[in-house]
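The values are calculated or read from the model by the stated rules, or taken from the named source; none is laboratory data. Not measured: the values here are computed from a predicted model. Every residue, glycine as well, gets a Cβ built from its backbone with ideal geometry; the counts of neighbours run over all protein chains shown.
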Protein chains: 2
Amino acid sequence: MRITKGKILQVSGTLFNEKGLSNVSMRTIADELTISPGNLTYHFRKREDIIEALYFELVDNMNEAIAQAQQTGLASIYQMTQAINSILYTYRFIMLDFTTIMRNNKKIKTHFEKLCELRKVQFTGIINHLIKTGILRQEELPREYEFLYYRFQLIGDYWVSSAEILHQKIAKKHIELYNEIILQSLYPYLTKKGRNEYHALMKSILI
Amino acid sequence: MRITKGKILQVSGTLFNEKGLSNVSMRTIADELTISPGNLTYHFRKREDIIEALYFELVDNMNEAIAQAQQTGLASIYQMTQAINSILYTYRFIMLDFTTIMRNNKKIKTHFEKLCELRKVQFTGIINHLIKTGILRQEELPREYEFLYYRFQLIGDYWVSSAEILHQKIAKKHIELYNEIILQSLYPYLTKKGRNEYHALMKSILI
DNA sequence: ATATTATTAGTACATTTGTACTAAATTAAA
DNA sequence: TTTAATTTAGTACAAATGTACTAATAATAT
């Protein structure tokens, strides 16, 4: 059976997730696929090319998820958080070596920087909308929601790593936990109306 | 001049911070110290021993800082945050490879796990005290302050990495920024009394 | 059927790494 | 001063890694 780029990426991703990025060499991947190293380098000349391809898979999945989640209010935030965290879990090896990858791969780093700018704008838009609709209170401190965003982003980028360390090994069940940890950080900024919506949302999720 | 363990650790730390953990080999360190590799391995038989020693330096510094900061209320939290973040910056190479180190070094991992338990108890104590003294509001959600702690911890463990990625390279000036980002996450849980104390604290810092 | 292209296996090379080992040199002890 | 211990330099080794190269095989096109 002929090997495909897709199959290589799929197996590589699984291996990276299981063993950790640095413990998977080109030979490891070739062995798992029962193909020769020569064959592997024919499809991906460099190991970094595999990592890049998987990173952009992640990004594609993310964009799709964000595009789909077009609800309003808190529900949309919840839905996005959930979708994003699931994807981050799927590509958890990237998140577990996030800092290393960003430091060593300029192509990925450059792309990620632009992504951050976009995300910040999107976040600001949502926040402003929530304020207008009386769900979120006004800012009381300088840069208050800007800093909230930084915390959101930081937790988004690193909850997988944190979970891996805190709970021996990260598992699927942790996604829900961190969904809630992230979502709760919004709660104390909500107005009375917002809190009611929050509680309603929580009830609807439990069902 | 005779080489000392202290000198080796100091130079290793600087190199690790500048070049990143994975880009500093035993030979790099020996070269920088203008000693032979043989001499270096005489003082530290394994590269991992150097990393461990530096980790425990960090821990010692941390414990000392926490022991000293015995104020009350929000001021104590601010003081501790500030001290801890400064130390984390000093040993930033550890934070930049935090996940990798925790995954690969069992000794450090085991120690860190115990440290986490202790920190959580300390945090819970402070929170309860702040509630009693009417500075922090009661919990409104299940596990609300537990989750706040997880966010605190996560940001504490990874703000260095995040700053490194977001701002090309982490610098001393970022410490203040993240002090505030962390401290602000407490703000919306404060009572009226607590918020007054918060504003007073902020004014006193600006001076 | 033949020619061309794509795919595969196998191997080889250069580099790097941690660290073990030996012998010399230096320092401390008697 | 002689002996013992400590420290140093230099080297060597084994393992792993990314990836380039060559020749074979298989697939496709003409």
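Below is a table of values for the structure above.
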item	result
Every residue from region B:29-48 that is closer than 15 Å to B:K7 by Cβ and in a helix (DSSP H, G or I)	B:I29, B:A30, B:D31, B:E32, B:L33, B:N39, B:L40, B:Y42, B:H43
Single unsatisfied condition, B:N17 versus (1) within 14 Å of another protein chain (Cβ to nearest Cβ); (2) surrounded by 15 or more Cβ atoms within 10 Å (Cβ to Cβ); (3) within 11 Å of DNA strand C (Cβ to nearest atom)	(3)
Helices (runs of 4 or more DSSP H) completely within region A:91-187 that count 3 or more residues being free of Cβ contacts under 8 Å to residues at least 60 places away in the same chain and closer than 25 Å to B:G20 by Cβ	A:98-104, A:106-132, A:144-166
Residue among B:Q82, B:Q71 that alone is surrounded by fewer than 16 Cβ atoms within 10 Å (Cβ to Cβ) and either of a type in the set (K, R) or within 23 Å of B:W159 (Cβ to Cβ) (or both)	B:Q71
From B:N23, B:N85, B:N61, residue being within 14 Å of chain A (Cβ to nearest Cβ), modelled with pLDDT of 95 or more and away from DNA strand C (no atom under 16 Å from the Cβ)	B:N85
Test: residue in region A:117-128 that is of a type in the set (V, I, T), buried (at least 16 other Cβ atoms within 10 Å of the Cβ) and more than 21 Å from A:S185 (Cα to Cα)	no
Residue within region B:100-113 that is of a type in the set (S, T, Y) and either within 16 Å of DNA strand D (Cβ to nearest atom) or outside the structural domain of B:A171 (by TED's automatic domain parsing) (or both) present	yes
Considering residues of region A:31-58 that are within 14 Å of DNA strand C (Cβ to nearest atom) and within 24 Å of B:N104 (Cβ to Cβ) only, the residue farthest from the other protein chains (Cβ to nearest Cβ)	A:D31
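Here's the yes/no breakdown for (1) among the acidic types (D, E); (2) assigned by TED's automatic domain parsing to the domain that holds A:I131:
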site: A:I3; (1), (2): no, no
site: A:Q10; (1), (2): no, no
site: A:S22; (1), (2): no, no
site: A:T41; (1), (2): no, no
site: A:D60; (1), (2): yes, yes
site: A:G73; (1), (2): no, yes
site: A:Q79; (1), (2): no, yes
site: A:R92; (1), (2): no, yes
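Residue by residue, here is whether (1) more than 8 Å from chain B (Cβ to nearest Cβ); (2) charged (D, E, K, R); (3) within 27 Å of B:G194 (Cβ to Cβ) holds:
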residue: A:I108; (1), (2), (3): yes, no, no
residue: A:I131; (1), (2), (3): yes, no, yes
residue: A:Y149; (1), (2), (3): yes, no, yes
residue: A:V160; (1), (2), (3): yes, no, no
residue: A:I170; (1), (2), (3): yes, no, no
residue: A:S185; (1), (2), (3): no, no, yes
residue: A:T191; (1), (2), (3): yes, no, yes
residue: A:H199; (1), (2), (3): yes, no, yes
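Here's the yes/no breakdown for (1) within 22 Å of B:R103 (Cβ to Cβ); (2) touching a Pro at 6+ places or on another chain (Cβ under 9 Å):
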{"position": "A:R143", "(1), (2)": "no, no"}
{"position": "A:A171", "(1), (2)": "yes, no"}
{"position": "A:Y189", "(1), (2)": "no, yes"}
{"position": "A:K192", "(1), (2)": "no, no"}
